1. Among the strands (runs of 3 or more DSSP E) contained in region 184-257, which hold 1 or more residues that are touching a strand residue (DSSP E or B) at 6+ places or on another chain (Cβ under 9 Å) and of a type in the set (Gly, Ala, Ser)?
2. In the set Leu234, Leu185, which member is closer than 30 Å to Asp117 by Cα and touching a residue at least 24 places away in the same chain (Cβ under 8 Å)?
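The values are calculated or read from the model by the stated rules, or taken from the named source; none is laboratory data. Just so it is clear, the model here is predicted, and its values are computed rather than measured. Here the Cβ positions follow ideal geometry from the backbone for every residue, glycine too, while neighbour counts run over all protein chains shown. When the accessible area is computed, the model is the full protein with side chains, heavy atoms only, and any ligands, DNA or RNA have been set aside. Shrake-Rupley method; radii C 1.70, N 1.55, O 1.52, S 1.80 Å.
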Amino acid sequence: GELILAIDARPYRAAVSQAEAGLLAARSALKQAERNLERARELKANGRISDLELESTELAELQARSGVLGGEAALTQAELLLEDAEIRAPFAGRLAYKGVDRHEQIAPGLPVAAVVDLSGVLIRAGVGEQDAVRIRKGMAVEVGIPALDDARFPGRVKAVGVRSHPATRSYQVLIEVDNADGRILSGMAVRGSVTVETRPDALSVPEAAVVEQYGENLVFVVVEGRVERRSVVLGPRRVGRVLGESGLGAGEALIVKGQWSVRYGLGVGVEE
């Protein structure tokens, strides 16, 4: 409701006054036409005028009534134009942009200001197709903002895009974050993480430790000083690590370097 800017309202006030005068004249003409019609009906009842004269008086009353409706519409339009001479904030927020200066001439439809409500912010992020099918509306998201010393904010997934960007092949994810204290500003870069699945007893191994031979995923472990080869079933990959669905046990010694050079049964020494 606060005033952002106003244009010269004098022509619009004059238009309102003119429309009010026109409406007043139309209402006066309608009253006169109604009285004429009332007298004409009395004269007709006494047989002193013809049907044609009565019909003409009725048409005049209808025209006067139409004039009042037209005058009311003209006044409403003039009042709307006068109201639009002042641009006020449509909601409580902060003025983020003001694109005109005092005495500058502007054209209809030209954007003149931007008001933002930062009590809650909407974050747009792009994810790959493997993540897009796993992220769901309502999932919790933790957002970190480097510009705010990597402060953390809780958020929630609002929507997941169903069409990839033609250039990046990524899918857009919208995340809602509460910003009641106003610390987050529009345009800031963020880092977000979302937990799509939790497996408390899962085993994670370095992806580089996995060797693929003839379509089979293998890892090498050390058992009693000797190399053993294990066939493993792998799960999702995340940032250099892969989930081992089967083939490995907790606490086993996994060879993570030189695995391409070892062979089954080779003796291995561990230096403390």
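1. Strands (runs of 3 or more DSSP E) meeting the threshold: 191-194, 203-206, 226-231, 233-238, 241-246.
2. Sole residue among the options that is closer than 30 Å to Asp117 by Cα and touching a residue at least 24 places away in the same chain (Cβ under 8 Å): Leu185.
So that you can scan it fast, the table gives a plain yes or no per residue for (1) open to solvent by 90 Å² or more (accessible area, probe 1.4 Å); (2) closer than 24 Å to Gly187 by Cβ; (3) out of contact with any helix residue (DSSP H, G or I) (no Cβ under 7 Å at 6 or more places or on another chain):
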residue	(1), (2), (3)
Arg124	yes, yes, yes
Glu129	yes, no, yes
Gly155	no, yes, yes
Leu174	no, yes, yes
